[in-house]
Amino acid sequence: MAEKEYIERDGLLEWAREFYPEEKVFASAVINAPTADVQEVRHGKWIEKPYLLGTSNFCSLCGENYGMPHGKYKFCPNCGAKMDKE
């Protein structure tokens, strides 16, 4: 299945008004088109810190503690950040 693409409504309206200045129907269709429930992806990394008698891994964004080896979770179970930063 192809990956979905999302378009910012304001950018499309700006483009439509530039290329089709007389087409009010097109602008109305863009304004009234249904929207997708999309959330920006947050990127973080696991930070290893001393904890109790050893070390533990903490999310760089929310600070939540997950005592597991690096790479076990590709996303933070607490805030949902994608763990792909080095």
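Here is how the numbers come out for the structure above:
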| item | result |
| --- | --- |
| Unique residue being among the basic types (Lys, Arg) and modelled with pLDDT of 90 or more when the list is Lys45, Lys85, Lys49 | Lys45 |
| Any hit, region 57-75, residues being at pLDDT 85 or above, over 24 Å from Lys4 (Cβ atoms), touching a His at 6+ places or on another chain (Cβ under 8 Å) and not assigned by TED's automatic domain parsing to the domain that holds Ile7 | yes |
| Cross-chain or 6+ apart pairs with Cβ under 6 Å, region 36-54 first and closer than 20 Å to Asn78 by Cβ, then acidic (Asp, Glu) | His43/Asp84 |
| Subset of region 16-33 [part of a loop (DSSP other than H, G, I, E, B) and either modelled with pLDDT under 80 or outside the structural domain of Glu5 (by TED's automatic domain parsing) (or both)] | Tyr20, Pro21, Glu22, Glu23 |
| Subset of region 44-73 (residues that are exposed (fewer than 12 other Cβ atoms within 10 Å of the Cβ) and touching a Lys or Arg at 6+ places or on another chain (Cβ under 7 Å)) | Thr55 |
| Test: residue in region 66-86 that is part of a strand (DSSP E or B), out of contact with any helix residue (DSSP H, G or I) (no Cβ under 9 Å at 6 or more places or on another chain) and free of Cβ contacts under 8 Å to residues at least 12 places away in the same chain | yes |
| Odd one out for Val41, checked against (1) surrounded by 11 or more Cβ atoms within 10 Å (Cβ to Cβ); (2) touching a strand residue (DSSP E or B) at 6+ places or on another chain (Cβ under 6 Å) | (1) |
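The values are calculated or read from the model by the stated rules, or taken from the named source; none is laboratory data. Quick caveat: nothing in here was measured; it's all calculated off a predicted structure. All Cβ positions, even for glycine, are placed from backbone atoms using ideal geometry, and neighbour counts span all protein chains on display.
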